[in-house]
Amino acid sequence: MNNRLYGNLIFELSQSGRCGYSLPKNRFGDYQVPKELCREQDAELPECDEMTVVRHYTNLSANNFGVDNGFYPLGSCTMKYNPKINEEVAALPQFQNLHPLQPTDTVKGAEAVCTLLCRSLCELTGLHAFTLKPFAGAHGELTGLMVIKRYHESRGDTQRTKVIVPDSAHGTNPASAAVCGLDIVEVKSLSDGTVDIDALKEVIATVGSDSVAAMMMTNPNTLGLFEKQIPVIEKLIHDCGGLMYYDGANLNPMLGAARPGDMGFDVMHINLHKTFSTPHGGGGPGAGPVGVRKGLEQFFPEVSPYHGNFSVAMRAYAYILSLGREHIKEVGPLATLNANYIKESLKDVYELPIDGLIPEQSSPTRSLCKHEFVFDGLKDKSTGVTTMDVAKRLLDYGYHAPTIYFPLLFHESLMIEPTENESKDTIDGFIAVMQRIAEEAKTDPELVKSAPHNTPIGRVDDVLAAKHPVVTWRQMRNEE
Ligand SMILES: *Cc1c(COP(=O)(O)O)cnc(C)c1O
């Protein structure tokens with residue numbers, strides 16, 4: 001890598017006395033900075049010439065892997081193509097330079113974007129009203145649960161504190177319920193990965209139907225499977241007086257296929273940064289608008305100052321408009337087709353723990369996964385090659401790893417989501433590399449176990465990196 005030429009740290013490139021800039025001549029005579037404001041020692045800043053600085057940071061940036069330089073099949077996180085026009089739209093000075101305290105009659109355009117985006121989200125989900133205030137998916141969950149809590153309280157139903165969450169749920173679901181001051185009750189999944197209705201009935205009977213506040217569901221669930229029993233579940237929960245919450249973080253498989261509002265859900269959130277294309281690596285930015293059925297909008301709480309993450313809303317609206325009513329319907333079917341194509345092409349060499357056969361049907365009708373699916377490592381377990389090894393070896397071939405070791409339902413989870421945006425050629429390339437790695441695991445397992453070989457940094461110790469991060473140059477020097 002080029003980067004090695006230039007060293008890994010700007011401090012290592014420093015040469016005493018080098019300088020990459022010149023300050024204008026001092027026009028203030030010999031003004032003395034008050035002593036108490038001065039450092040006792042000079043700051044230890046790297047001293048480099050301008051080209052060295054430019055090359056150092058340019059080379060560092062080239063070590064970043066993103067959707068713009070390669071396939072990024074991260075499951076449960078929808079890292080999709082982010083059209084550059086969205087960035088241009090979000091950066092238009094007429095929008096970007098607005099101040100949230102400006103008089104409202106000077107921000108009519110921004111207001112219109114918010115109104116129109118909410119209207120589009122209502123149309124796409126079958127719900128009645130949306131708030132754009134939440135800053136992320138988890139924040140949306142909290143907002144939605146606050147709506148549910150306030151709804152029950154408005155009816156004097158203060159004993160409704162139980163939130164039922166399937167064991168396959170994203171970790172933010174139980175966390176949000178806890179932050180909202182509600183109690184979490186877990187319900188088991190069947191061996192096919194969907195909610196176990198008998199277990200759900202038992203849970204309701206145990207907690208008492210008049211204490212059920214809500215059921216939170218992710219659909220398609222974390223295994224990428226459509227929850228076929230939603231009508232039954234919805235009836236069970238509504239009959240108790242509880243509300244149905246839909247985790248729509250990854251809504252792309254549903255676009256053009258089905259709407260949460262039509263399935264009987266009362267409250268949901270959408271991750272605009274996943275489903276509607278805002279780049280969100282490294283923790284942000286995001287937006288988790290919450291939608292509700294008619295009558296619940298009066299319970300929307302104030303969860304953020306001003307108007308939420310407006311630039312994310314801009315990108316989402318630009319994305320929706322660029323697809324248009326006509327093409328947005330293709331999103332769900334394409335996401336589903338791409339995921340199933342990979343699953344079927346690789347399931348001979350990777351373990352597919354949930355094969356999608358519907359047990360109660362005599363003919364082995366294949367149940368399709370939706371936008372993503374989960375392998376449980378390589379099929380041939382005798383090689384000793386783990387999911388971690390496969391993920392690291394993928395980096396050598398220029399692919400970002402899928403989500404690994406999540407969901408926790410399997411030991412060697414490898415969760416793949418191609419998204420709707422990828423061409424068949426790209427997907428075929430990924431399939432070929434995954435097959436090749438499976439072959440290497442048999443013929444040369446050490447090669448895979450010691451990967452990556454082509455990246456600037458080899459395998460880091462994840463635990464040490466998390467427990468004992470060395471994040472400053474001084475810390476690093478002290479370690480030596
Ligand atoms: C990503 C995700 C969340 C959380 O969204 P954040 O924006 O990261 O807070 C919740 N549920 C599911 C299913 C997700 O994939």
Quick one: Gly242 ticks every box in (1) within 18 Å of Pro260 (Cα to Cα); (2) over 21 Å from the mean Cα position of the chain (by Cα); (3) without any contact (Cβ under 8 Å) to a residue 40 or more places away in the chain except a single one, so which number is it?
(3)
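Test of understanding: among Val385, Val390, Val374, which residue is touching a residue at least 40 places away in the same chain (Cβ under 8 Å), among the β-branched types (Val, Ile, Thr), part of a strand (DSSP E or B) and crowded, with 19+ Cβ neighbours inside 10 Å? Outline the logic, then answer.
Values: Val385 fails: part of a strand (DSSP E or B); Val390 fails: part of a strand (DSSP E or B).
The match here is Val374.
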Being β-branched (Val, Ile, Thr) and surrounded by 13 or more Cβ atoms within 10 Å (Cβ to Cβ): is that true of Val67 here?
yes
Of Leu121, Leu116, Leu127, which residue is buried (at least 21 other Cβ atoms within 10 Å of the Cβ), more than 20 Å from the chain's Cα centre (by Cα) and either farther than 18 Å from Met216 by Cβ or not charged (D, E, K, R) (or both)?
Leu127
Take the conditions touching a strand residue (DSSP E or B) at 6+ places or on another chain (Cβ under 6 Å), in contact (Cβ under 8 Å) with a residue 40 or more places away in the chain, within 11 Å of the ligand (Cβ to nearest atom) and not β-branched (Val, Ile, Thr) and apply them to Asp247. Does it pass?
yes
Can you go through Ala110, Ala136, Ala90, Ala43 and tell me which one is among the aliphatic types (A, V, I, L, M) and modelled with pLDDT under 90?
Ala43
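Residue-wise test of (1) without any contact (Cβ under 8 Å) to a residue 60 or more places away in the chain; (2) at positive phi; (3) away from the ligand (no atom under 16 Å from the Cβ).
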residue	(1), (2), (3)
Val33	yes, no, yes
Arg39	yes, no, yes
Glu47	yes, no, yes
His56	yes, no, yes
Asn63	no, no, yes
Met79	no, no, no
Determine whether region 103-118 contains at least one residue that is touching a strand residue (DSSP E or B) at 6+ places or on another chain (Cβ under 9 Å), touching a residue at least 24 places away in the same chain (Cβ under 8 Å) and farther than 20 Å from Gly295 by Cβ.
yes
Log entry, pairs with first residue in region 126-142 being more than 17 Å from His307 (Cα to Cα), second being of a type in the set (D, E, K, R) and within 14 Å of the ligand (Cβ to nearest atom), beta carbons closer than 8 Å, six or more apart or on different chains, reads Glu141/Asp247
Just checking, does region 105-120 include any residue being closer than 30 Å to Val212 by Cα and away from the ligand (no atom under 16 Å from the Cβ)?
yes
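Quick check on my filter: what residues within region 273-292 are among the small types (Gly, Ala, Ser) and either within 12 Å of the ligand (Cβ to nearest atom) or more than 21 Å from Ser304 (Cα to Cα) (or both)? Give the derivation first.
Initially, region 273-292 is screened for residues among the small types (Gly, Ala, Ser), giving 277, 281-284, 286-288, 291.
The answer is Ser277, Gly281, Gly282, Gly283, Gly284, Gly286, Ala287, Gly288.
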Where residues in region 297-348 are crowded, with 20+ Cβ neighbours inside 10 Å and in contact with a Cys (Cβ under 7 Å, 6 or more places away or on another chain), which of them is nearest to Ser154 (Cα to Cα)?
Ala313
Restricting region 402-422 to residues that are in contact with a helix residue (DSSP H, G or I) (Cβ under 6 Å, 6 or more places away or on another chain) and over 29 Å from Gly256 (Cβ atoms), which is surrounded by the most Cβ atoms within 10 Å (Cβ to Cβ)?
Glu412
Of all the residues that make up region 250-265, how many are within 16 Å of the ligand (Cβ to nearest atom) and farther than 16 Å from Ile148 by Cβ?
6
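Scan Gly144, Gly109 and give me the residue that is under 28 Å from Met314 (Cα atoms) and crowded, with 24+ Cβ neighbours inside 10 Å. Steps first, please.
Details: Gly109 fails: crowded, with 24+ Cβ neighbours inside 10 Å.
Unique residue meeting the criteria: Gly144.
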Considering only residues that are at pLDDT below 70 and either among the basic types (Lys, Arg) or in a loop (DSSP other than H, G, I, E, B) (or both), which ones fall in region 1-21?
Met1, Arg4, Tyr6, Gly7
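The values are calculated or read from the model by the stated rules, or taken from the named source; none is laboratory data. Quick caveat, the model's predicted, so the values are computed rather than measured. All Cβ positions, even for glycine, are placed from backbone atoms using ideal geometry, and neighbour counts span all protein chains on display.
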